[in-house]
Amino acid sequence: MKKKITSLLLALALCPGLLSAVALAEEDCTPNIVIGGSHGERPPTDPYKDHIDDLAEAAEKGYVLSFSDGEDGPIDLGSAEYGYTTPPAKTITMTNKGDKSLYLISTGVYAVNVTIEGDEYKKQSNLNFDIPVYELEPGHTYHLNIEALPNMDAKTHRASFGLDFSYTYPANHSALKAWDLSCDFEVTYTITYDGDMGGDVPITVSRESLDFTAVECGTTQEQTFTVTNTSDWKVDLRGYGLASFLRINGQKTLPTTTLAPGESVTLTIAATPKEAWSYSHNEELELEWLYRVEGGGNWQSHNGKIKIPIHVQTTKDGKISVSLGLESPAGPSGYFTSMDGAATYWGNERFDIPVGESLSLKAVPFDKEHGYVLAVASRRGSSDADGYDYIGHDDVITFENVSGEQRIKVAIASGQKPPADWARDAIGRAYTLDLFHPNGMPGFHGGGGADTELPGSNFDDPISRADFCKLAAQLYKTVVDYHENPFSGANAPSPELPTFTDTSSHEVREMAYLGVVTGVGAGAFDPDGQLTREQASAILSRLAEVLGVRLDKVAPTFDDNGSIASWASEAVGEMQAAGIMGGLGNNQFGPQGTYSWEQSIATLMRIYDMTL
């Protein structure tokens with residue numbers, strides 16, 4: 001059976017004249033079964049599906065239980081003003097329409113009171129039980145009176161209650177915990193104060209953010225905005241959280257300011273940076289509001305915050321500092337020059353550029369024949385932790401119309417042959433996202449100087465089955481949230497991974513655990529074997545499914561369909577229809593042909609884009 005929503009076993013009010021627990025008896029009575037209220041755990045988001053499935057399953061066995069409300073949505077009790085003497089309430093019916101008795105053995109509630117009354121039902125008392133068991137006979141109807149708890153706060157409340165039934169009279173204590181039919185319901189009701197439930201933001205601000213684009217160090221720049229009370233009550237407003245060089249209405253904090261309904265206040269933020277160099281600040285003003293509403297002879301307070309981002313870009317002598325970094329992912333690296341070649345820069349450099357002007361530099365590989373720009377990337381925020389965005393692979397790097405701090409990094413690599421033009425952007429993006437690093441390619445060596453050994457591998461070299469798994473594993477770990485990844489985060493230590501006789505590669509085993517790859521038989525994986533195009537299509541199809549990417553299942557339309565293995569045909573069709581893999585020309589797929597590094601990276605990046 002399904003697990004109970006609530007975990008509360010509640011005392012059931014016994015009918016008068018209950019026989020002594022030392023004797024086994026059966027008694028007809030018409031008391032109320034009172035299910036008490038509790039402020040326990042919250043109900044789940046969807047309690048209906050489980051008990052609807054259970055009711056259908058029970059009906060197939062002749063146990064037919066019907067409810068007049070609550071089977072396909074919340075039971076709404078209505079609303080009341082705080083201080084109510086009559087709580088929001090509703091009565092629904094429960095009827096045993098089957099030809100067999102059902103035994104109510106336990107109940108549970110959250111934030112609601114429920115009383116069951118109606119036709120006669122039998123209460124069974126057994127010396128082995130410390131709570132009664134109620135028999136609901138065929139053809140009988142019972143009324144479930146549902147009431148809100150007293151003194152609840154002003155809001156829409158979500159409550160729940162549950163009833164557990166056994167098909168047979170329980171034989172012992174353990175049987176009370178093993179129900180056959182569990183019916184769980186969500187209940188809603190609304191409590192207001194003078195018609196108000198709270199939760200609405202009572203103010204509006206005229207500007208969502210403030211941007212001080214160029215503040216000269218040692219000077220002051222001001223910006224203003226207004227705050228308006230849009231509610232029907234008086235609102236207290238205060239502000240705080242500013243950096244030391246910022247002031248609000250001339251003060252470090254905004255003291256409590258009371259706004260009448262419809263009243264506005266103008267606030268002035270002043271920035272006076274004192275540093276000796278240009279800098280980019282990302283600050284925040286917190287505006288806290290509070291109002292009180294009277295209802296039922298009582299007062300209820302509502303409060304909250306609005307956060308206003310404040311960006312301040314300082315200048316020094318009218319200039320802003322930008323920075324340029326050099327990375328050497330593989331092979332001999334390079335340097336930068338001014339566009340006229342008169343000045344040379346060797347790595348991490350800072351340049352002071354007048355506000356609104358531009359600066360262009362040229363990236364120069366040490367190895368003029370084999371060197372190339374792998375990726376140019378721009379930092380998203382004010383620190384490297386914010387990450388970088390790939391912006392191209394041109395050898396001319398431009399800081400354009402400078403109005404704020406910028407950092408650009410350039411990766412210069414060398415190889416026997418650069419990536420093909422069609423793959424350059426995919427490989428540059430993969431490198432920037434840390435999905436791929438040339439040092440992971442066989443034969444590549446770390447760059448860093450003109451004398452560094454030139455790599456022997458090329459991007460058009462065939463990729464092995466194991467190396468493709470390394471790329472796929474890195475993509476999976478980038479896309480899947482850290483805490484949802486079974487190989488890291490809250491789920492560590494890692495689960496038991498499949499093993500192969502010819503490789504201990506962790507990435508291969510992880511992909512096998514996810515069902516993305518399989519072995520070649522006899523417990524082997526063939527890690528050094530060259531990946532074929534039809535194998536790549538099957539792996540990419542399964543990886544897409546694991547990442548939640550839905551692909552249309554269609555047949556491929558290549559002229560050489562007949563040479564595609566039956567186990568790969570559907571995957572090839574998916575890849576073709578989605579534009580992830582194409583043909584080799586002349587409408588040929590070449591299923592047994594090899595798959596290159598650049599083809600692997602490009603197709604993996606297409607799947608990555610589908611997850612965004």
Check your understanding: So, with a 1.4 angstrom probe, what is the percent of accessible area on segment 217-334 that is carbon and sulfur?
Key -> 46
Revision key, fill the gap. Carbon/sulfur accessible area of segment 463-612, % of total, 1.4 Å probe, equals 46
Check your understanding: Amide H to amide H under 5 Å from residue 392: which residues, 5+ apart in sequence or cross-chain, H placed 1.01 Å off N in plane?
Key -> 376
Point to revise | Burial ranking of peptide ranges 333-340, 355-362 (average Cβ count within 10 Å, highest at the top) | key: 333-340, 355-362
Point to revise | Sorted peptide list for 533-544, 212-223, criterion being average Cβ within 10 angstrom, highest first | key: 533-544, 212-223
Review point. Could the peptides 416-426, 55-65 be put in order, highest first, of the mean number of other beta-carbon atoms found within 10 Å of their residues?
Key: 416-426, 55-65
Review point. With every protein chain present, what is the per residue accessible area of segment 231-348 (1.4 Å probe, Å²)?
Key: 46
Revision key, fill the gap. From the cross-link list 409/477; 252/307; 368/470; 417/477; 90/155, the entries with a Cα-Cα span beyond 20 Å are 409/477; 368/470; 417/477
Exercise for review: Hey, can you find the accessible area per residue of segment 523-612 for me, probe 1.4 Å, expressed in square angstrom?
Suggested key: 44
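The values are calculated or read from the model by the stated rules, or taken from the named source; none is laboratory data. Given the structure is predicted, the values throughout are model-derived calculations rather than measurements. We place every Cβ from the backbone using ideal geometry, glycine too, and count neighbours over all the protein chains shown. Just the protein is used for accessible areas: all its heavy atoms, side chains included, with ligands, DNA and RNA removed. Shrake-Rupley method; radii C 1.70, N 1.55, O 1.52, S 1.80 Å.
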